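Scroll down for the structure; my scribbles are underneath it.
The values are calculated or read from the model by the stated rules, or taken from the named source; none is laboratory data. Just so you know, these numbers come straight off a predicted model, no measurement behind them. Neighbour counts are summed over all protein chains in view; Cβ atoms, including those assigned to glycine, are modelled from backbone coordinates with ideal geometry.
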Amino acid sequence: MSTTKIFERLSSTYQYEPTFLQAAKELLASVDTYLQSISAGDFEYRLLERLLVPERIITFRVDWVDDAGVMQTNVGYRVQFNSALGPYKGGLRFDPSVNLDVLKFLGFEQMFKNALTGLPLGAGKGGSDFNPKGKSDNEIRSFCRAFMLELYRHIGIDRDVPAGDIGVGGREIGYLYGMYKQITNSNEGTLTGKDPLFGGSLGRTEATGHGIVYFAEAVAAHHGFTLAGMTAAVSGSGNVAEFTARKLIELGAIVVTLSDRGGYMYKETGFSEDEISEIMNVKKSGQNLDAVTLPHVTYKAGSLWQVVTADMYFPCATQNEVSGDDARAMVKSAKLIVEGANMPLTLEAALVVREAGIPFAPGKAANAGGVAVSGLEMTQHASHYPWSRERVDSELRDIMKNIHQLCVENGQTNKEIDYVKGANLAGFKRVFEAMKKLGW
Ligand code: NDP
Ligand code: 2IT
């Protein structure tokens, strides 16, 4: 057996799941030399093959009625990928692009990310092809309640703990949790990202973005520079992008872009915190970035990567948003590339960046702060005791520092740190060991 053989088999079985195959291919490449170094035999390769298959996939119909009284039908999913380290844990995505391929890729990435946090968290991912764009608050609420009417029977504090992702933020988590509490007549903290009013953690909203910047700081320090004074191109204008941008600005970096599905905003001298607030207000009102009017800020339709020159790039929108050609343009100026989103670089783009020798932090390491604080939320909820914002932030910093250290230890090559390999290998070893010891 070999990782090549395993990938061949996987590719023929799951030929209609290109995004999952992409994530699997990267992981297999990272663990290949490790398995050879431990003289892995048939047992190890067969266990690896097992780890590539989700433990359980649930799909269900979601019936709801829109404001016009018209019956609407969507598909809901939960991919319970691996529970070796703890309850299935990972977000819910509401977006028309959601399908099994996308959720399997996200659940698979989540497995190694959650392992990196050092917390007792298994991995899952779910969501629906429901499109929240243009929906009224009442429609969002109706959909969330209909979605939970089926999901509730598959989740639980020791079984599976969902959270947010694209299209699912604090409001949606509130509606989902409200329905869960009513159906189960319980206060179990079975969702994270909740409002602190009813068991959420202070700092969870900010955690992914802040964690990304703490990780970027650690990478920069390891390479002998700091983020202050550096220009940063950030994509997206959702939860992750907002708090990545805010923390970068706080540390003295110059954030020159934010983007959405339509285009990007550019300010040569960098946005202020107040300008970020104004932009977010427009987005939260349901409008797109082209509706923002700010002095010295330009809006252009399309993608920013081949147009905007910056010292640092933080893709924080979605998977495969950075192509090989984009990466070839970015490496001309980049001193650091940090994935805020899950797998925003295509395999080709990641190869271009790694071959150019530019420090490159993969999403499963850099964006692990979100799920890490979700883990801390579970601890706080279970102990009926909320922590201060400062305590949460300090734990988040420590976790991101530890993840950086794990990447350094597992990703050391002759002359540089291969963070992709480091993150994959460190996460993989934990899950693999646990599966062995559990007799799986
Ligand atoms: P949000 O829904 O809050 O924001 C998503 C942003 O990305 C929006 O600005 C959206 O544009 C943009 N976007 C989404 N899809 C596309 C697309 N196909 N093309 C271009 N732009 C797109 O989601 P999050 O900020 O929570 O998530 C962003 C990324 O971070 C995802 O990859 C997610 O998996 C990952 N992540 C999220 C975590 C979290 O805690 N929320 C934790 C770890 C990772 P528009 O405004 O036009 O909709
Ligand atoms: O991709 C992710 O890590 C998330 N969307 C957050 C998951 C979580 O359980 O907080």
For the stretch 322-337, how many residues are away from ligand 1 (no atom under 12 Å from the Cβ) and assigned to a strand (DSSP E or B)? 2
Which numbered condition residue 109 misses (of (1) within 16 Å of the chain's Cα centre (by Cα); (2) assigned to a strand (DSSP E or B)): (2)
For residues that are in contact with a Leu (Cβ under 8 Å, 6 or more places away or on another chain) and buried (at least 23 other Cβ atoms within 10 Å of the Cβ), scanning just the stretch 86-110, find the one that is farthest from residue 163 (Cα to Cα). 108
Look at residue 335 and say whether it is away from ligand 2 (no atom under 16 Å from the Cβ), under 20 Å from residue 222 (Cα atoms) and either at pLDDT 95 or above or among the hydrophobic types (A, V, I, L, M, F, W, C) (or both). yes
Residue among 420, 373 that alone is assigned to a helix (DSSP H, G or I), over 30 Å from residue 187 (Cα atoms), in contact with a helix residue (DSSP H, G or I) (Cβ under 7 Å, 6 or more places away or on another chain) and among the β-branched types (Val, Ile, Thr): 420
Looking at residue 268, is it at negative phi, within 23 Å of the chain's Cα centre (by Cα) and among the charged types (D, E, K, R)? no
Would you please name the residue that is surrounded by the most Cβ atoms within 10 Å (Cβ to Cβ), looking only at residues in the stretch 338-376 that are β-branched (Val, Ile, Thr) and within 13 Å of ligand 1 (Cβ to nearest atom)? 373
If I filter the stretch 241-249 for residues that are surrounded by fewer than 19 Cβ atoms within 10 Å (Cβ to Cβ) and either within 16 Å of ligand 2 (Cβ to nearest atom) or not in a helix (DSSP H, G or I) (or both), do I get at least one hit? no
How many residues does the stretch 205-226 hold that are under 17 Å from residue 407 (Cα atoms) and either assigned to a helix (DSSP H, G or I) or of a type in the set (Val, Ile, Thr) (or both)? 12
Restricting to the stretch 250-277, give me the number of residues that are more than 15 Å from ligand 1 (Cβ to nearest atom) and surrounded by fewer than 19 Cβ atoms within 10 Å (Cβ to Cβ). 11
Going through the stretch 381-417 one residue at a time, which ones are among the small types (Gly, Ala, Ser) and touching a helix residue (DSSP H, G or I) at 6+ places or on another chain (Cβ under 8 Å)? 411
Can you pull out every residue in the stretch 295-321 that is within 12 Å of ligand 1 (Cβ to nearest atom) and either under 22 Å from residue 101 (Cβ atoms) or crowded, with 17+ Cβ neighbours inside 10 Å (or both)? 303, 304, 305, 314, 315, 316, 317, 318, 319, 320, 321
Restricting attention to the stretch 368-380, the residues that are within 13 Å of ligand 2 (Cβ to nearest atom), farther than 17 Å from residue 401 by Cα and not acidic (Asp, Glu) number exactly 2
Answer yes or no as to whether residue 230 is over 16 Å from the mean Cα position of the chain (by Cα) and touching a residue at least 60 places away in the same chain (Cβ under 8 Å). yes
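Taking the criterion of being at pLDDT below 95 and out of contact with any strand residue (DSSP E or B) (no Cβ under 6 Å at 6 or more places or on another chain), would at least one residue in the stretch 273-284 satisfy it? I'd like the intermediate steps shown before the answer.
Within the stretch 273-284, the subset at pLDDT below 95 is 284.
In the following step, the residues that additionally are out of contact with any strand residue (DSSP E or B) (no Cβ under 6 Å at 6 or more places or on another chain) were identified as 284.
Scanning the stretch 273-284, I find at least one residue that is at pLDDT below 95 and out of contact with any strand residue (DSSP E or B) (no Cβ under 6 Å at 6 or more places or on another chain), so the answer is yes.
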Hey, among 302, 236, 286, which residue is within 16 Å of ligand 2 (Cβ to nearest atom) and on the phi > 0 side of the Ramachandran plot? 236
Pairs please, first residue from the stretch 299-323 and within 21 Å of residue 247 (Cβ to Cβ), second anywhere and hydrophobic (A, V, I, L, M, F, W, C) and modelled with pLDDT under 95, Cβ atoms under 9 Å, 6+ apart in sequence or on different chains. none
Looking only at the stretch 93-120, filter to residues that are within 13 Å of ligand 1 (Cβ to nearest atom) and aliphatic (A, V, I, L, M); which one of those is nearest to residue 11 (Cα to Cα)? 102
Residues that are within 14 Å of ligand 1 (Cβ to nearest atom), under 30 Å from residue 419 (Cα atoms) and not in a loop (DSSP other than H, G, I, E, B): does the stretch 190-204 have at least one? yes
Report yes if residue 230 is in contact with a Cys (Cβ under 8 Å, 6 or more places away or on another chain), modelled with pLDDT of 95 or more and surrounded by fewer than 24 Cβ atoms within 10 Å (Cβ to Cβ), otherwise no. no
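Looking only at residues in the stretch 400-417 that are part of a helix (DSSP H, G or I), surrounded by fewer than 24 Cβ atoms within 10 Å (Cβ to Cβ) and in contact (Cβ under 8 Å) with a residue 24 or more places away in the chain, which one is farthest from ligand 1 (Cβ to nearest atom)?
408
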Selection status of residue 150, away from ligand 1 (no atom under 16 Å from the Cβ), in contact with a Phe, Trp or Tyr (Cβ under 8 Å, 6 or more places away or on another chain) and either touching a residue at least 40 places away in the same chain (Cβ under 8 Å) or at positive phi (or both): yes
